[in-house]
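**Student:** This is the structure I want to talk about, given as structure tokens.
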Amino acid sequence: MRDSQTDRLIRCFRSGIEQAASSLNRVLRQQICIGIAEIGAFRHHELPVLLDESRRERLAIVCMPFSGAIDGHVCLLMPARSAAILVGCLTDESPADGMDASARDTLTEIGNIMLNDIMTCIAGMLDSALDYDMPEFTITSPAGLLRRGHADTLLLARARFSVDALQLDGYLLLCPGIDSFDRPMHDVGMEQKKA
Amino acid sequence: MIDPAAFPLLDHMTSGLLAIDRSGCIVLWNRQLEQWTGRSRRDMLGEDLYRAYPELAADEFRLRIHRVFDGSAPAIFSPSLHHHVIPCPTDNGELRTQKTTVSYLHAHDLALFCIDDHSEQYRLIDKHRQAASELEKELEQRRQLESRNAHLLAAIDQAGEAIIIIRRDGDIEYANRAFYHQTGWHDTRQQNIHVALPGNNKFLDRLTSVFEDGAFWQGRQQVRRRDGSLFTASVSIAPISDADERVTHAIMIQEDISQALELERKIRDTQKQEALATLIGGIAHDFNNILAGITGQAYLASREVSDLPKTADRVRKLQKLAQEASEIVGQLLTFARQGQVNSKDMPLAPFMKEFCKLATRNIPESIRLDSNIRPGNYPFHGDANQLQQALYNMVQNAVESCDRHPDARIEIGLAEVDTEGSEHWLTRYPVLRRGRFAHIYIRDNGAGISEAEQERIFDPFYTTKQLGSGLGLAMVAGCVRHHHGLIEVESSPGNGATFHIFLPLRNPRKDSERSSVSTNQMAGVRILLVDDDPRVLEPTRELLETIGHHVTTAENGKQAWQTFRQCSDDWDIVITDMVMPEMNGLESARLMRSLRPDIPLIFATAYDQSLVLEDTRKVPNSVLLSKPFHPDDLDQLIARMTAEATPAQTGS
């Protein structure tokens, strides 16, 4: 992957993150802080280390697979405690770590909104329609996160977000499949040339 | 429009399905939705979704629905945030809880709404949450209750009173720490009260009555400890009834009041002794004045009849009898704490060793005397003569008590007790103050003393002997009280007796011993003699003049001051009574000192020295002297004071 491609992807991802934060801001009416968006190729077992602040806690994950010009996943990942706070804020119910079905549905919708924002930007960059599966909600440990991966190496764009007033935080992740990346990125490069 | 006939399965699905085109026109409305909404397919097809359901025109729905047409990912509307997208009432009128997803159908360029009924699932979730919330509340209440119970139990366990809960069958269900402490039992749980408190029959009878009558009982009770000893307790027993008002348990609260009773007894005893002391002190004062007169007159008579041997012998006998009478009065004054005091700093250990040697020489050989003097300095401030006399009286009593015993023994002991460091002594002797004490004990294995006798043993004139004066132990008690100590007797008939004396110890003084001042008799001293009692004044004047002194008399302090102020340099010394009408001795002495700061003063008193000692101590170059005084002693004192008089010298 060329640097120019990386820059283009990270800009789109960053743009998507901003849109997602904006949507979350509309829902919560709280200031959202976004960390620096990063992209890189990582070994699968490095994933928990990358998300170091969540290593010791159970994680609530809303993950939406997509396919088309590129395949991959886009995920909202939050420590279970933060997820419970977020759900509690949205539904006026006292936060609980348990995340029952109602809470899962709520978080899935929020994840759906935020992930759609990111994917809209990515699809716009690719100038290609993508197919999406329904977002899936899971609760897992960092170790469980490791078990989910099949590929040894993954390309990962990540950005941390937080709502300081509510003391909650999480990550937005984009994991495009490396194998399916060459063609679309070539197109992107062509588009840049045209521009 | 989508022809349902082309997709028959759509009408058999349990989800509600509808589809709209880009303009919002409804093109699919399946049977489930017909059933849920009560709106027929015929009515809904071709209808504008946002007109049929105006609330969906809001941005939060419309924008997200239309992004689906732009190739965005499916939109999800969760039950918690939206409850429903298409209102679908149930039979009871409530709206179904729905989860709705909107996805894009590429082939038809339509947005497909898939509506799932989650009512039952959410009803269960609500029920579960409610149950969890109630459970949490219940757990919190239980935690609070347990915490409160724990506090209550801790308070009961730490209470000073013994608290036990007894079942009807007599088994102890609970006993707190104080109960174990009071009774000496370590763990009585599951034990029967009859086993835990054997020999407390009266108490157990009362407990039975409480169970039978259901009535509260309160009173004093002798309670037997595990080791068999008894103590007096204030006890209350209350019944505890169940819902059927049957008495199932009894709660007993027991306070050990033996110390309080002992204290009460001591206070009563002290009050009695104080009253006796006041009475005896008053009588002894009058006797002393008379004896002072007799002694003086006898002294003068003896000088006048030196050429009449028979008369001179009678006068000497008269003087001896007066001396004996004086000693008896002295003992009475000691009891009344009004005796002559010659206190000084002294270590008690050598004193006690010497006393033991003296006592060994003065007891019959048939009696063995052991001494147990623990090593130590025992710094003490007191009157050695008085203390020796007191101890001797006690040893004499011990000898008389055990002299018929085949293996008669007396033990004299001395040890140090620090009540600051040990509660043991304060528990045993509640009236003992905190501090360091010399514990002197005299133990015999004689006949012992009954409880009734122990009550009166220290009273003056109380005696069990045919020839006893009844003043021996009274004098001992007075001596101990005078030294701010405590005396206790421990005895029972047939088991001998132990007298315990506790004397307060003091910090050793560096200048504990003053060097004695040598005195030289001298005559021709100019004396101002003041006393309101002519029975004392006249003989004293005569005897001082006989010695060779020049004496001017005054009958009270006021007269003395008037005489003195006329020419204050005319006197070498003033001898004055303390208690007089119009102006007392101390007041007139202060006035005289204002004119003659160097004038030596002798304060003579027939009262308790301790009452005036503090006052006279503040007067420099003064001496406090008890009446009656021996003429030679007085003469020596006059000689010493006039010879050594300096303004800075402090009186003793």
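The values are calculated or read from the model by the stated rules, or taken from the named source; none is laboratory data. A quick note: this is a predicted structure, and the numbers were derived from the prediction, not measured. Here Cβ is always computed from backbone atoms with ideal geometry, including for glycine, and neighbour counts include all displayed protein chains.
**Student:** Just to check your reading of the model, which residue among B:180, B:174 is touching an Asp or Glu at 6+ places or on another chain (Cβ under 8 Å) and under 18 Å from residue B:255 (Cβ atoms)?
**Tutor:** Matching residue, one of B:180, B:174: B:180.
**Student:** Please specify each residue of the range B:25-57 satisfying the condition of being in contact (Cβ under 8 Å) with a residue 24 or more places away in the chain and aliphatic (A, V, I, L, M).
**Tutor:** B:26, B:27, B:28, B:33, B:44, B:45, B:49, B:52, B:56
**Student:** Shifting gears a bit: Out of curiosity, is residue B:156 in contact (Cβ under 8 Å) with a residue 40 or more places away in the chain and either under 24 Å from residue B:232 (Cα atoms) or more than 37 Å from the chain's Cα centre (by Cα) (or both)?
**Tutor:** Values: in contact (Cβ under 8 Å) with a residue 40 or more places away in the chain: no; either under 24 Å from residue B:232 (Cα atoms) or more than 37 Å from the chain's Cα centre (by Cα) (or both): yes.
No.
**Student:** Further question: Kindly provide the set of residues from the range B:53-108 that are touching a Cys at 6+ places or on another chain (Cβ under 9 Å) and polar (S, T, N, Q), ordered by number.
**Tutor:** B:98, B:100, B:101, B:103
**Student:** Also, I was wondering about something else. So if I check each of B:113, B:77, which one is within 12 Å of chain A (Cβ to nearest Cβ), within 25 Å of residue A:115 (Cβ to Cβ) and either among the acidic types (Asp, Glu) or in contact with a strand residue (DSSP E or B) (Cβ under 8 Å, 6 or more places away or on another chain) (or both)?
**Tutor:** B:77
**Student:** So, one more: Go through the range B:18-31 and count every residue that is more than 19 Å from residue B:75 (Cβ to Cβ) and surrounded by fewer than 20 Cβ atoms within 10 Å (Cβ to Cβ).
**Tutor:** The total comes to 1.
**Student:** Here is a follow-up. Tally time: how many residues in the range B:560-590 are surrounded by fewer than 19 Cβ atoms within 10 Å (Cβ to Cβ), in contact with a Lys or Arg (Cβ under 8 Å, 6 or more places away or on another chain) and among the hydrophobic types (A, V, I, L, M, F, W, C)?
**Tutor:** 1
**Student:** Which ranges mark the strands (runs of 3 or more DSSP E) fully within the range B:319-418 that have 1 or more residues being buried (at least 21 other Cβ atoms within 10 Å of the Cβ) and of a type in the set (Phe, Trp, Tyr)?
**Tutor:** Numbers: elements: B:344-347, B:368-373, B:379-382, B:409-418.
Answer list for the range B:319-418: B:379-382.
**Student:** Moving on. Could you tell me whether residue B:136 is in a helix (DSSP H, G or I), within 12 Å of chain A (Cβ to nearest Cβ) and within 60 Å of the chain's Cα centre (by Cα)?
**Tutor:** Judged against the criteria, residue B:136 is a match.
**Student:** Please give the number of the condition residue B:462 fails out of (1) surrounded by fewer than 18 Cβ atoms within 10 Å (Cβ to Cβ); (2) touching a helix residue (DSSP H, G or I) at 6+ places or on another chain (Cβ under 6 Å); (3) closer than 24 Å to residue B:261 by Cα.
**Tutor:** Evaluating residue B:462 over (1) surrounded by fewer than 18 Cβ atoms within 10 Å (Cβ to Cβ); (2) touching a helix residue (DSSP H, G or I) at 6+ places or on another chain (Cβ under 6 Å); (3) closer than 24 Å to residue B:261 by Cα leaves (3) as the failure.
**Student:** A further question follows. Take the range A:29-45 and flag every residue that is under 25 Å from residue A:165 (Cα atoms), part of a strand (DSSP E or B) and at pLDDT below 90.
**Tutor:** Initially, the range A:29-45 is screened for residues under 25 Å from residue A:165 (Cα atoms), giving A:29-38.
With part of a strand (DSSP E or B) added as a condition, the list becomes A:33-34, A:38.
Within the range A:29-45, A:38 is the sole residue that qualifies.
**Student:** Please specify each residue of the range A:8-49 satisfying the condition of being among the aliphatic types (A, V, I, L, M) and without any contact (Cβ under 8 Å) to a residue 40 or more places away in the chain.
**Tutor:** If the condition is that a residue be among the aliphatic types (A, V, I, L, M) and without any contact (Cβ under 8 Å) to a residue 40 or more places away in the chain, then A:49 is the only one that fits.
**Student:** Just a yes or no: is a residue in the range B:96-112 over 30 Å from residue A:67 (Cβ atoms), modelled with pLDDT of 90 or more and either touching a helix residue (DSSP H, G or I) at 6+ places or on another chain (Cβ under 9 Å) or not hydrophobic (A, V, I, L, M, F, W, C) (or both)?
**Tutor:** Yes, the conditions are met somewhere in the range B:96-112.
**Student:** Follow-up. In the range B:85-123, what residues are over 17 Å from residue B:32 (Cβ atoms) and assigned to a loop (DSSP other than H, G, I, E, B)?
**Tutor:** Selection gives B:92, B:93, B:94, B:106, B:107, B:108, B:109.
**Student:** If you don't mind, there's one more thing I want to ask. Tell me whether the range B:162-172 contains one or more residues that are exposed (fewer than 10 other Cβ atoms within 10 Å of the Cβ) and either at pLDDT below 90 or within 14 Å of chain A (Cβ to nearest Cβ) (or both).
**Tutor:** Looking through the range B:162-172, at least one residue is exposed (fewer than 10 other Cβ atoms within 10 Å of the Cβ) and either at pLDDT below 90 or within 14 Å of chain A (Cβ to nearest Cβ) (or both).
**Student:** Do you know which of the residues in the range B:80-110 that are of a type in the set (Ser, Thr, Tyr) and farther than 16 Å from residue B:16 by Cβ is nearest to the other protein chains (Cβ to nearest Cβ)? Break it down stepwise before answering.
**Tutor:** In the first step, residues of the range B:80-110 are kept if they are of a type in the set (Ser, Thr, Tyr); the result is B:80, B:90, B:97, B:100-101, B:103-104.
Applying the additional criterion that residues be farther than 16 Å from residue B:16 by Cβ yields B:80, B:104.
Numbers: B:80: 4, B:104: 9 Å.
The extreme case among them is B:80.
**Student:** If you don't mind, another one. Are any residues in the range B:518-540 assigned to a helix (DSSP H, G or I) and surrounded by fewer than 19 Cβ atoms within 10 Å (Cβ to Cβ), and if so, which ones?
**Tutor:** Scanning the range B:518-540 gives B:534, B:535, B:538.
**Student:** Starting from the range B:1-19, take each residue that is at pLDDT 80 or above and of a type in the set (S, T, N, Q) and list its partners that are in a strand (DSSP E or B) and loosely packed, with under 12 Cβ neighbours inside 10 Å, counting only C-beta distances under 7 angstrom and pairs at least six apart or across chains.
**Tutor:** none
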